[in-house]
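Undergrad: Below: one structure in structure tokens.
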Amino acid sequence: MKIAVSELIVRYLERLGVQTIFGMPGAHILPVYDSLYDSPIQTVLVKHEQGAAFMAGGYARASGKIGACITTAGPGATNLVTGIANAYADKLPVLVLTGETSTHIFGKGGLQESSGEGGSIDQVSLFKGITRYNKIVERTDYLENVLNQAAKILLSDQPGPVLLSFPYNVQRELVDANLLERIHSCRHTRSQRECAQPAQQLAEMLLAAERPVMVAGYGCLRAGAQGELEQLSALLNVPVTTSLKAKGVISEQSPLALGSLGVTSSGHAYRYVVDRADLVVFLGASFNERTSYLWDPALLGGKKVVQVDLDPAQLEKVFPADLAIHGDIKVVLGGVLTYLDGREAEAASFARLRGEIERSKAAVTSDYAIFQSGFALMEYFFRALEQNFPRGVQVFDDNIIFAQNFYNVASGNRYYPNSGISSLGHAIPAAIGARFIEQRPTFAIIGDGGFQMCAMEIMTAVNYGIPLNVVVFNNATMGLIRKNQHQHYQQRFISCDFVNPDFELLARSFGIHYQRVEGMMDVDALFAHCDLRDSINLIEIVIDKNLFPNYSSRR
């Protein structure tokens, strides 16, 4: 049976398990949209294509499944760039479909042409550095190979964005429907390489160390190794610190949790690692600029180091390791636990360790205290969030620094900091995307500068009845820029201050609820009286633009 390529594309999406696709139609992609009309896949109309890319990324990040977005040619594709770059940096499986002008007018100056011919935009080059695979499908004779290559990457252990662009005339061509039967659309079985010996070596190094510490990264979350990590920590009384992206991989309410490690954190974990640890075990943590305090040599100096990572490119990328294990973190930790079967931690050892952890926290000096004073309201808000939503909540956070220090993430919650390329305007659309797959209370936390980059997507939530709590920090400035100009540029403030809209009137125009928070009683009222589970809320928290966190970006 012959079917149009546009219909084949939709059936391909269905075979990949895509349930929702975010985007905006245009003339060059309408054949695919028309085929989506009869599909169970839900189409979500966004307000800007960048929002579609962020939503697809949020969907993928929250679910581990393929996120998908769809746009037309030209500006439809170019508007995706920041969101796709963010997904690329986070290794998210995001499938991007774009339209294109018909092949017979390539090079002639077709409206919104992106073929790269005749001086037109070269879309392949534009996306080459931010996708794992990118193809303009000009003919159908290699369509099977293209779709298989795309699926292979999207369903792999190390995924990333894939962009497929279909010229208008190719979408309307007829192909054999049986082509779909030759598409490999099952997730590849993760290679279970032999890890018994490395796991035994790791177990013996943990037993031999006096004060081991584990640094859990995003790879630990991706591997689904939270249970093994928590079990091993409790079994041997090994404290755990995390990268920012792995915050919550072990409950931060645990006495063995040191909090997150990094330049914008409190310094508790830093002081423990530097002053006390003799063995540091990295589990899926890349030790990037933020986590490593710009690769501070004091963190690893004089210590034994173990690194476990599924991505071989991460092993010993920025530091030498006494033991480097290429393998699935969940499998490796499971092997360690098997080797240690029957061993129990000593109560006296735990009491001593807990005292050391408390002393490390008390030893943090003003040099490492991120917040000296003036941020009590922010701390109160995050403590209230923690207490009122002890489990089942997801938080997308553009601001990062307040939550990193004030929000203890329980293992039943999910915290998604704005990582990737740290693009402003990410939290709201990403949270909306996640809410389509995860039916749990959702908070999007964002500064007022980032808010004005993506506020229009609130109407996407309104249009589809997606419950969402948007928390806006209002200090009428680009806070990070103003902080740097205060610390390093003699308070020569330029291009950082601005006037905000009336957030209450804005919320009213959106048809959503509004709450203003200026003091702790307002926080109490917010959590006591507002529906933060099943409605859409705009929550404005007022902060002083002249109060700055204490860390230095060294920029």
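Every number in this text was worked out from the coordinates using simple rules, so none of it is lab data. Owing to the predicted nature of the structure, the values given are computational and were not obtained by experimental measurement. Glycine gets a Cβ as well: all are built from the backbone with ideal geometry, and neighbour counts include every protein chain shown.
Undergrad: Taking the Cα centre of region 196-362 as origin, sum charge times position over the Cβ atoms of Lys and Arg (+1) and Asp and Glu (-1), and report the length of that vector in debye to the nearest 20. Don't jump to the answer; show the numbers that get you there.
TA: Numbers: 16 positive and 19 negative charges, 88 e Å.
For this selection, approximately 420 debye.
Undergrad: Over all alpha-carbon pairs of region 202-282, lay out the pair-distance distribution in 10 Å bins, whole %, shortest bin first.
TA: Distribution as computed: 20, 56, 24, 0 percent.
Undergrad: May I pose another question? Using alpha carbon centroids, what distance separates region 450-485 and region 23-71, in Å?
TA: Going from one Cα centre to the other spans 22 Å.
Undergrad: Continuing with the same structure: Please order 531, 311 by the number of other Cβ within 10 Å, starting at the fewest.
TA: Listed from fewest to most nearby Cβ atoms, that is 531, 311.
Undergrad: Between residue 489 and residue 37, how high is the FRET efficiency from 1/(1 + (r/R0)^6) when r is the Cβ-Cβ distance and R₀ = 41 Å? Nearest 0.05. Write out the running numbers ahead of the final one.
TA: On the way: r = 55 Å, r/R0 = 1.35.
About 0.15, to the nearest 0.05.
Undergrad: Considering only DSSP beta bridges whose two residues both sit in the chain, what percent are antiparallel, to the nearest 5?
TA: Counting DSSP beta bridges with both partners in the chain, the antiparallel share is about 5 percent.
Undergrad: If you scale each eigenvalue of the Cα gyration tensor by 5 and take the root, what three semi-axes come out for region 196-362, rounded to whole angstrom and sorted largest first?
TA: Working through the eigenvalues yields semi-axes of 20, 20, 15 Å.
Undergrad: What length, rounded to one decimal in nm, is gained on full extension from residue 547 through to residue 158, with 0.36 nm per residue of separation minus their alpha-carbon distance?
TA: Full extension of this stretch gives 135.9 nm more.
Undergrad: Then there's this: Spin-label point model (7 Å from Cα, Cβ direction): what's the residue 388 to residue 481 distance in nm?
TA: Roughly 3.2 nm, to one decimal.
Undergrad: Over region 2-182, what is the relative contact order in whole percent, taking alpha-carbon pairs under 8 Å and six or more residues apart?
TA: Relative contact order, region 2-182: 25 percent.
Undergrad: Moving on. Taking the Cα centre of region 17-167 as origin, sum charge times position over the Cβ atoms of Lys and Arg (+1) and Asp and Glu (-1), and report the length of that vector in debye to the nearest 20.
TA: For region 17-167, the charge dipole is close to 420 debye.
Undergrad: Something else: In region 2-182, how does Rg compare with the Kirkwood Rh, expressed as the Rg/Rh ratio over alpha carbon atoms?
TA: On the way: Rg = 14.7 Å, Rh = 15.8 Å.
In region 2-182, Rg relative to Rh is 0.93.
Undergrad: Can you figure out the FRET efficiency of residue 343 with residue 174, using R₀ = 60 Å and their beta-carbon distance, to the nearest 0.05?
TA: 0.40
Undergrad: So for the pair residue 317, residue 421, with labels modelled 7 Å out along Cα→Cβ, what separation do we get in nm?
TA: Placing both labels 7 Å along Cα→Cβ, they lie 1.7 nm apart.
Undergrad: Can you tell me the length gained on complete extension of the stretch residue 200 to residue 117, counting 0.36 nm per residue apart and subtracting the Cα distance?
TA: Working: separation 83, 0.36 × 83 = 29.88 nm, distance 5.76 nm.
Here the segment from residue 200 to residue 117 would lengthen by 24.1 nm.
Undergrad: Which one of 54, 118, 4 has its Cα pushed farthest toward the positive end of the charge dipole of region 1-153, where Lys and Arg give +1 and Asp and Glu give -1 at the Cβ?
TA: It is 54.
Undergrad: What full-extension length gain, to one decimal in nm, is calculated for residue 89 and residue 296 as 0.36 nm per residue of separation minus the Cα-Cα distance?
TA: 72.2 nm
Undergrad: Using the Cα atoms of region 394-464, I'd like the radius of gyration and the largest Cα-Cα distance, Dmax, both in angstrom.
TA: According to the Cα coordinates of region 394-464, Rg and Dmax are 11.9, 35 Å.
Undergrad: Once you sort the root eigenvalues of the Cα gyration tensor of region 1-67 as a ≥ b ≥ c, which label holds: rounded (a/c under 1.5), prolate (a/b larger than b/c) or oblate (the other case)?
TA: Since a/c reaches 1.5 but b/c is at least a/b, the shape of region 1-67 is classed as oblate.
Undergrad: Hey, what did the chain get for relative contact order, percent, Cα under 8 Å, at least 6 apart?
TA: 13 percent.
Undergrad: Now, a different point. Along the charge dipole of the chain, which of 259, 68, 298 sits closest to the positive end, that is, farthest toward it, with unit charges on the beta carbon of Lys, Arg, Asp and Glu (+1, +1, -1, -1)?
TA: So the residue furthest toward the plus end is 298.
Undergrad: Can you tell me the dipole magnitude for the chain around its Cα centre, using point charges on the Cβ only (Lys, Arg +1; Asp, Glu -1), in Debye to the nearest 20?
TA: With only Lys, Arg, Asp and Glu charged at Cβ, the dipole is about 480 debye.
Undergrad: To make sure I understand, if each residue's beta carbon is the centre and we count other beta carbons within 10 Å, what order do 426, 48, 486 fall in, fewest to most?
TA: Working: 426 32, 48 19, 486 15.
Ordered by Cβ neighbours within 10 Å, fewest first: 486, 48, 426.
Undergrad: Report for region 2-182 the percent antiparallel among DSSP-assigned beta bridges with both residues inside it, nearest 5.
TA: If we restrict to bridges inside region 2-182, about 15 percent are antiparallel.
Undergrad: Rank the residues 108, 245, 330, 152 as a footprinting-exposure proxy: fewest other Cβ atoms within 10 Å of their Cβ go first.
TA: Listing 108, 245, 330, 152 from fewest to most nearby Cβ atoms yields 108, 152, 330, 245.
Undergrad: Calculate the FRET efficiency for residue 516 and residue 81 from the Cβ-Cβ distance with a Förster distance of 35 Å, rounded to the nearest 0.05.
TA: Efficiency for this residue pair is about 0.50.
Undergrad: Could you go through region 504-512 in sequence order and give the Karplus-derived ³J(HN,Hα) for each residue, using 6.51 cos²θ - 1.76 cosθ + 1.60 with θ = phi - 60°, rounded to whole Hz, and x for Gly and Pro?
TA: Going residue by residue, I get 5, 5, 5, 4, 4, 5, 6, x, 10 Hz, with x marking Gly and Pro.
Undergrad: With unit charges on the beta carbons (Lys and Arg positive, Asp and Glu negative) and the dipole taken about the Cα centre of the chain, which residue among 81, 282, 434 sits farthest to the positive side?
TA: Going by the Cα projections, it comes out as 282.
Undergrad: What does the highest-first list of 516-527, 248-259 look like by mean Cβ count within 10 Å?
TA: Ranking, from highest mean packing down: 248-259, 516-527.
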